[in-house]
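Values quoted throughout were computed directly from the atomic coordinates according to the rules given, and no laboratory measurement underlies them. Model, not experiment: these values are computed from the prediction. Positions of Cβ are generated from backbone atoms using ideal geometry, with glycine treated the same way; all protein chains shown enter the neighbour counts.
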Amino acid sequence: MKVKGFFTDIGGASRVTKAREAAINNASAKADPVDPIRALADAAHPGPREYTLTKVYDASPTSKTFRFEPADGHVPVFQAGQYVNMHFQIGESVLTRAYSISSAPCEARPGKHVSFAPDENATSDKPYFEITVRKNRPYFVPDYLFEQAAVGQKFICDLPFSDFFYQPLRDSKNLMGLAGGSGITPFASMAKEIANGALDVDLTILYGSVKHTDIVCGDQLEAARAKAPDKIHIVHIMSDDEEWDGEKGFLTKELIEKYSKEDTTYFFCGPLPMFNMLTGIMKEMGVPEKRFRHEAMQQPTNVKMIPGFPEDQIGKTYKMTVVRGIAETVADAKADEPVAVSLERAGIPIDAHCRGGECGFCRAQLLAGTVFVSPLGDGRRREDKEMGWFHSCSAYPTSDIKVKIPII
Amino acid sequence: MKFYKDHYDVVIIGGALSGLSAALQLQAKGVKDILILEKHNLPGGLATSYVRGGFEIEATLHEMMSIGPKEDRLKVGAFFDEMGVDIDWLRVPEAYRFVEPSKKIDITLHAGFRKAADEIDAQYPGWGDKVYDFFLLCNTVYDSMNVLSVTPMSKLQMLKEHEQFVKTAGYTAYEVMDTFHFPDEIKDILSAYWIYVGSPLDKLPFTIYAFLYADYLRGGSYVAKNFSHEMSMKLEKKVEENGAQIEFRQEVEKILVKNGHVTGVRTKRGDVINCDYVISGAYPNKVYSQMIEPASEVPARAIKQVNGLPLSVVPVSVMMVLDGTPEELGIKDYNIFSAEDMNMSSLWENEKSIGPYKYLTSICLNLANPGCCPEGYTQFSITALPLVNAFLDVKEEDYPALKEKIGRELIAGYERMTGIVIHDKIHEVEVSTPVTISHYVGAWKGSIYGNLHSMENHAVARLQMREEDHVIEGLEFACAAGMSGNGMGPAVTNGRAAAKFVALAMEKGGAAK
């Protein structure tokens, strides 16, 4: 077909070329290397950076709070409920561990805020974040923090991560935090943020402990509640404490119903058995799925708790060939430990974050051999499943394996 | 420990569609010694997905153009077939539904020139044939563009063989459309895709408009069954099978240049890697202003080029999983473009703000890919495409609240224009902005659409000025700033073009040696 007579003009190509030439010739010859969008992205997600341990204080007779101040004075903006990924070099091992941040986001902002730390109860204008760790049984990283970490020591910290926080586009304003043991820490962060007037929600915390002396962050929770008694409600439940005159027993449907408000969004942080129990309760209560949020759970160290785990593998050790670029490293891999742990034991860095299979930071390629992937929190993409990629924090070798991981 | 060889023939910066396609094209031409360095821990760049609360969610792709049905593959589909990259394509059911309440327009167009023209005729009787003629003109220009973007030819030959292309090259989309004297309603209906090229139609070269409309209406559009991550993974796998080395989480910070020739790259980690050629997924803006080392190797012409050609629009999206099936939610269309009023200049002004945005596009993925969610859920996104300048002053402290505001406003705008209520059905939600894009893929100012298409930066001019734009020997670009422009289809073509230029230089004796 022919275009209308209007288009007898064949000079268009030359004209637009001249126009482009002119646009370029008339432009400044001074380079402008500033990219404010990347600067903001980097400020919000700076990656692993150095922080100094500046304060350690008791959060209960068996737990401690560790405060970290950034070397460059900047803690990225985070949401109450998110976690920090701590990097450790302990002996030959290079490893990472995720901890929910127990301080409030506003404590990380320059300027004055109430800290609620025991000997401060005033204002502080140094940005920092805190984690609270319980020592209840021999365990690699808590042992290190309790016994070796000293004020003044430098740590590599990477934050923030996770979508375990109040999302106003999705969640109702009535939140209920369901916590057991040190699973209280994200709710401590939320409570302090509310007390500082920086988070506008109503928060009820149902917190299960064995005895009242096991309560983690109890003083800080109470101080926050006292500051915002209309918005923060704390219910302690003791499973085995004769002296306790409050709620006793376990977190039950009756207790949850008793303290729930209309259209509540439930947040849970704690161990797998408690999650399984609460999932059942939520179903019985008819709580819509989207109103029950939970933090990624680490794969249980007792692999028998993982549904479908091939128990005949327990105790076996395989050969693991690790490919990074053109380099190959050979190491042992225990069949009852995730590939990520074997890598860490071998001193090979793998940037695992959630350690529950969900986040995918430790994504790796299986080049040869077989692995069992835990169905708990399996966050692999469909095509990754089809093509043999796995998340190394939740995959267990079932033969000699060859894996490719990023060079870190 | 040594992770890299001492030398590679070609280093490709970025394992996104463009970089992977460049690698495939090089491999097809016999170039095997290739290293791809990707910032993220996944291939594909924006052609990717993420998992939230057990749902896999498509990150950015609305629809893949230039694929075409098996029996009439278009350029990109044919290339993937030829390379042995077998993607499970699902056809998107309609081209688009367009809703403009102020003019009482509500129409759905399907692929097929005659079909779409008939659908317009059904609502605006008597105009179908003219619309059809218009589509055929678009198609002629489209065919020419596909030839010319890879085959240089003389002006005379061009005029002989690609007459309509030459004759429309100097005009905007509206200027050409106006010669058909369509009523305003039809003009608006035929403008719906404008935001995908990020230029108002009184400024957009008709050439680009024609490419876009002909491609979508001729071949329809497609999505991959296992999300665009499937496409990215299958491309990556093939590239690796063909012998290339791919390393994730390696951001290239510097391109090393000596006496006007590329000599290597340096990564953020500190690895220095020698090579003869670099194909950069990073825009010229970033390369010339930040990456060339030493900076004195950057000619003034290159700086003027990036300063003189403004960036195109960037997406802001709210991506959701909704409780309920599309049917229960009342969502009937895969893709709806909506505007209260299709006044181009006021819409364009609106794109310079941080919202609320007046021109929205929504995607209900279930309607092309019913298996994208478990039964009873709907995967749904709403996107606006503003100019990045509105975001340059955002402070870190204010950013979370800005994301919430954008999400809320996109949802409210969609509900207002379509009458479909979704805000109380949100099961999972994430808002993405240019900052999100910058974080994951490192794109310059979070920009994914390259340079603004305009009569001052016309695709035809880019083709003509290839030599002037090529200022450093051994350096090619495979990104949205390439000759074929923006979008995931053109990304593939841009990558292939970069590979062809590298292969050509290698044949000539290795320009960088």
Checklist outcome for this item: chain B: antiparallel bridges as % of DSSP beta bridges, rounded to 5, reads 70
Checklist entry - Can you give me the Cα centroid spacing of the range B:38-58 and the range B:327-395 in angstrom? => result 20
Item to check | Isolated Cys residues of the protein assembly as shown, judged by Cβ distance under 4.7 Å to other cysteines | outcome: A:C106, A:C157, A:C217, A:C269, A:C362, A:C393, B:C138, B:C275, B:C364, B:C372, B:C373, B:C479
Checklist outcome for this item: Put in order of increasing Cβ neighbours within 10 Å, starting from the fewest, B:V176, A:V330, A:V77 give A:V330, A:V77, B:V176
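Can you show me the helix-derived [θ] at 222 nm for chain B, built from DSSP H runs with n ≥ 4 at -39,500 (n - 2.57) apiece and divided by the number of residues, rounded to the nearest 500. Don't skip to the answer; put the middle values down first.
Working: 19 runs with 189 residues, N = 513.
Theoretical 222 nm ellipticity from helices: -11000 deg cm²/dmol.
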Checklist entry - Taking +1 at the Cβ of each Lys and Arg and -1 at the Cβ of each Asp and Glu, which of B:F477, A:A224, B:Q464 sits farthest along the dipole of the protein assembly as shown towards its positive end, judged by Cα position relative to the Cα centre? => result B:Q464
Next on the checklist: Taking the Cα centre as origin and putting +1 on Lys and Arg beta-carbons and -1 on Asp and Glu beta-carbons, what dipole magnitude results for the protein assembly as shown, to the nearest 20 debye?
Outcome noted: 2020
Next on the checklist: Straight-line reach from B:K332: which lysines fall under 22 Å, measuring Cα to Cα and dropping same-chain residues less than 8 apart?
Outcome noted: B:K103, B:K104, B:K115, B:K225, B:K358, B:K425
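How big is the shadow of the Cα convex hull of the range A:45-161, averaged over all directions, in nm²?
Details: hull surface 28.3 nm².
For the range A:45-161, the mean projected area of the Cα convex hull comes to 7.1 nm².
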Checklist outcome for this item: The distance between the Cα centres of the range B:193-248 and the range B:421-474, in whole Å, is 13
Checklist entry - So what is the relative contact order for chain B, in percent, with contacts set as C-alpha pairs under 8 Å and at least six apart? => result 24
Item to check | Peptide A:217-228, shielding by other chains (average Cβ, 10 Å cutoff) | outcome: 0
Checklist entry - Just how far, in whole angstrom, is the range B:132-192 from the range A:228-258 if you go by their alpha carbon centroids? => result 72
Checklist outcome for this item: Taking every C-alpha to C-alpha distance in chain A and binning by 20 Å from 0, the per-bin percentages run 24, 50, 19, 7, 1
Checklist outcome for this item: Between B:S296 and B:K268, the FRET efficiency computed from the C-beta separation at R0 = 25 Å comes out, to the nearest 0.05, as 0.65
Next on the checklist: Let me confirm one metric for peptide B:386-394, namely the mean number of other chain beta-carbon atoms within 10 Å of its residues' beta-carbons.
Outcome noted: 2
Item to check | All-pairs Cα distance distribution in chain B, expressed in whole percent, bin size 20 Å | outcome: 23, 58, 19, 0
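Could you work out the mean projected area of the convex hull around the alpha carbons of the range A:232-271, in square nanometres to one decimal?
Working: hull surface 15.0 nm².
Taking the Cα atoms of the range A:232-271, their convex hull projects to 3.7 nm² on average.
Working out 0.36 nm times the residue gap between A:E328 and A:K304, then minus their Cα-Cα distance, what length gain in nm do you get to one decimal?
Result for the pair: 5.5 nm of gain on full extension.
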Checklist entry - Which of B:A169, A:F165, A:S189 sits closest to the plus end of the dipole of the protein assembly as shown, meaning its Cα is farthest towards the positive end, when Lys and Arg get +1 and Asp and Glu get -1 on the C-beta? => result B:A169
Next on the checklist: Can you compute log10 of I(q)/I(0) for the range B:189-238 with the Debye formula, treating each Cα as one identical point scatterer, at q = 0.16, 0.19, 0.23 Å⁻¹?
Outcome noted: -0.62, -0.73, -0.83
Item to check | Förster radius 30 Å - calculated FRET efficiency between B:D129 and B:M153, Cβ distance, rounded to 0.05 | outcome: 0.35
Checklist outcome for this item: Simple SL model, points at 7 angstrom along Cα→Cβ for B:K103 and A:T52; separation in nm is 6.5
Next on the checklist: Give me the one-decimal nm value for the distance between modelled label points at A:A198 and B:E161, 7 Å along each residue's Cα-to-Cβ direction.
Outcome noted: 6.5
Next on the checklist: Contact order normalised by length for chain A, with contacts defined as Cα pairs under 8 Å and 6 or more residues apart; what percent is it?
Outcome noted: 13
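If you take the Cα Rg of the range B:71-134 and divide it by 2.2 N^0.38 Å, with N the number of residues, what do you get? Write out the running numbers ahead of the final one.
On the way: Rg = 16.1 Å, N = 64, 2.2 N^0.38 = 10.7 Å.
After normalising by residue count via 2.2 N^0.38 Å, the value is 1.51.
Hey, how much of the P(r) for the range B:109-204 falls beyond 20 Å, as a percent of Cα pairs? Mind showing how you got there, number by number?
Working: 1963 of 4560 pairs.
Cα-Cα pairs in the range B:109-204 separated by more than 20 Å: 43 percent.
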Item to check | Two-decimal ratio, the range A:174-294, of alpha-carbon radius of gyration to 2.2 N^0.38 Å | outcome: 0.99
Next on the checklist: Per 0.36 nm of contour for each residue apart, how much would the distance between A:F250 and A:K135 grow if the chain were fully extended, relative to their Cα-Cα spacing?
Outcome noted: 39.2 nm
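Over the whole of A:378-391, what's the average partner chain Cβ count within 10 Å per residue? Rounded to a whole number, please.
Details: counts 2, 6, 2, 12, 11, 15, 8, 1, 4, 7, 0, 2, 0, 0.
Going residue by residue through A:378-391 and averaging, the value is 5.
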Next on the checklist: Would you report the distance distribution of C-alpha pairs in the range B:293-336 as whole percents per 10 angstrom bin, up to the bin with the largest distance?
Outcome noted: 18, 24, 15, 14, 16, 13, 0
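To one decimal place, what Kirkwood hydrodynamic radius in Å is obtained for the range B:315-432 from all pairs of distinct Cα atoms?
Working: mean 1/r = 0.0677 Å⁻¹.
Averaging 1/r across every pair of different Cα atoms and inverting gives 14.8 Å.
Would you tally the net charge around A:F129, using a Cβ to Cβ cut-off of less than 10 Å, leaving A:F129 out, and scoring K and R as +1, D and E as -1?
That sum, taken over residues with Cβ under 10 Å, equals -2.
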Next on the checklist: At 222 nm, what value in deg cm²/dmol follows for chain A if DSSP H runs of at least 4 each add -39500 (n - 2.57) and the sum is divided by all its residues, to the nearest 500?
Outcome noted: -6000 deg cm²/dmol
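Just add up the charged neighbours of A:Q298: K/R +1, D/E -1, any other residue whose Cβ is under 13 Å from the Cβ of A:Q298. Show your work: numbers first, answer last.
Working: positive: A:R97, A:R355; negative: A:E295, A:E337, A:E358.
Combined, the nearby Lys, Arg, Asp and Glu give -1.
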Next on the checklist: Report the Cα-based extents of the range A:304-404 along its three principal axes, largest first, to the nearest Å.
Outcome noted: 35, 29, 23
Item to check | Taking the convex hull of Cα positions in the protein assembly as shown, its mean projected area over all directions (nm²) | outcome: 37.7
Checklist entry - Given the pairs B:K29/B:K445; A:K192/B:K352; B:K268/B:K445, which are separated by over 27 angstrom at their Cα positions? => result B:K29/B:K445; A:K192/B:K352
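Tally Lys/Arg at +1 and Asp/Glu at -1 over every other residue whose Cβ is under 13 Å from the Cβ of B:Y124; what's the total?
-4
At R0 = 22 Å, how high is the FRET efficiency between A:E92 and A:E147 if r is their beta carbon distance? Nearest 0.05 is fine. Before the final figure, lay out the partial values.
Details: r = 18 Å, r/R0 = 0.81.
It comes out at approximately 0.80.
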